[in-house]
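Colleague: Here it is, the structure in full.
The values are calculated or read from the model by the stated rules, or taken from the named source; none is laboratory data. Values in this document were obtained by computation on a predicted structure and should not be read as measured data. All Cβ positions, even for glycine, are placed from backbone atoms using ideal geometry, and neighbour counts span all protein chains on display.
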Amino acid sequence: MSESSPSLSFNSDLTMWPWMKLRRARSHAEQLGAETELWNLEHIAVAHAELNEDRTVVDYVLTHLPDIPVLHWSAIAGDSLACLRAALDAFAWELCHLDGAKPRNPRRIYFPIAETDEQWRRAANNLATIPGDFLERIHQFQPYKQSEVGRDLNSPAKLNNVDKHQGAIRVGLNYSTANTSGMEIGLGDPPHVDQSMKLGPLNVGDQIESGARVFRARFRKPITSASGVVQLKIEPQVAAPGSSADPVSAGLLLNRLHNAVGHVLKSVCNNPSDPA
């Protein structure tokens, strides 16, 4: 955007209400992260070793799994998603009422997330009091315009709708934090000189329960014994509605969505100095 493009500033042209809702969204996301971290310090998921018959594969099977506060975590994540959506809708409301403008259908004012041109035209009809430059900037962030930020904006709307009826959170294992120091492998005496090991997680999705096989060590040659444990942390995850993609970390997703909404507010106003 050129320097001569129209711009708006919060706390003068607009109120801080959209930014307050955005800050509340971040606060809830931070709460979710802190509570998850504290819970994992007190509750350890433990998987014990099981050696297969040919002695070349060791599976680590969950044998101790504490009760996971899924609904509580879902409620916090839902609060964050609701505030993200509210920040966008509050922004659209204020733009529609600039300089005392009076929209024809005030009950139909919301920030549009259009997946087709037809959806955009219907939504834009209710936003007719937004000055043209600002409405066009909103247009450029629509998912159907192949905007990466626009695709991110789709998530709060869809996940917020899910949260109205059921928790959006699932739980998964955070393999990146796995503690394998308790693994005890007997390689024989002397060990095979060409022995090698491949260690990796087994994808159990959100079906985390005692008896689930979560880690596997595969050896080139038979080993003599396997014992010990792998300790794992639980993390809240979110699966995008209608998507076959694997669930992603709720903390990472909420942070990305917060950045996307903040970017839209700044870009539409053409004012990068406004608060994040």
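Colleague: For the range 93-124, which positions are surrounded by 12 or more Cβ atoms within 10 Å (Cβ to Cβ), closer than 20 Å to C269 by Cα and among the acidic types (D, E)?
Modeller: E94
Colleague: Report every pair of residues separated by at least 6 positions or lying on different chains whose Cβ atoms are under 7 Å apart, first residue within the range 114-125 and hydroxyl-bearing (S, T, Y), second modelled with pLDDT under 95 and in a helix (DSSP H, G or I).
Modeller: Going by the 7 Å Cβ cut-off, the qualifying pairs are T116/Y144.
Colleague: Oh, and also: Tell me yes or no: at least one residue of the range 48-55 is of a type in the set (S, T, N, Q) and either surrounded by fewer than 21 Cβ atoms within 10 Å (Cβ to Cβ) or more than 29 Å from S176 (Cα to Cα) (or both). Before you say what the answer is, go through the steps one by one.
Modeller: First pass over the range 48-55, keeping only residues of a type in the set (S, T, N, Q): 52.
Right, trim to either surrounded by fewer than 21 Cβ atoms within 10 Å (Cβ to Cβ) or more than 29 Å from S176 (Cα to Cα) (or both) and you get 52.
There is at least one residue in the range 48-55 that is of a type in the set (S, T, N, Q) and either surrounded by fewer than 21 Cβ atoms within 10 Å (Cβ to Cβ) or more than 29 Å from S176 (Cα to Cα) (or both).
Colleague: Another question about this same structure. Could you tell me which residue of the range 75-117 is nearest to Q140 (Cα to Cα), considering only residues that are of a type in the set (D, E, K, R) and not in a helix (DSSP H, G or I)?
Modeller: Step one: filter the range 75-117 for residues of a type in the set (D, E, K, R), giving 79, 85, 89, 94, 99, 102, 104, 107-108, 115, 117.
Those still in the list that are not in a helix (DSSP H, G or I) too: 102, 104, 115.
Values: K102: 24, R104: 24, E115: 12 Å.
The qualifying residue nearest to Q140 (Cα to Cα) is E115.
Colleague: If you don't mind, there's one more thing I want to ask. Within the range 189-212, identify whether any single residue is modelled with pLDDT of 85 or more and not in a loop (DSSP other than H, G, I, E, B), and answer yes or no.
Modeller: Within the range 189-212, none of the residues are modelled with pLDDT of 85 or more and not in a loop (DSSP other than H, G, I, E, B).
Colleague: Let me ask something else about it. Out of everything in the range 57-99 that is among the small types (G, A, S) and over 30 Å from K233 (Cα atoms), what residue ends up being farthest from the chain's Cα centre (by Cα)? Give the steps one after another, and end with the answer.
Modeller: First, pick out the residues of the range 57-99 that are among the small types (G, A, S): 74-75, 77-78, 80, 82, 86-87, 90, 92.
Cutting the leftovers down to over 30 Å from K233 (Cα atoms) gives us 86-87, 90, 92.
On the way: A86: 17, A87: 17, A90: 22, A92: 24 Å.
Taking the candidates together, the pick is A92.
Colleague: Now a separate question. Which residue pairs have Cβ atoms closer than 8 Å, lie 6 or more positions apart in sequence or on different chains, and pair a first residue in the range 209-220 that is at positive phi with a second residue that is surrounded by 13 or more Cβ atoms within 10 Å (Cβ to Cβ) and at pLDDT 90 or above?
Modeller: Note: pairs meeting the criteria are G211/V61; G211/L62.
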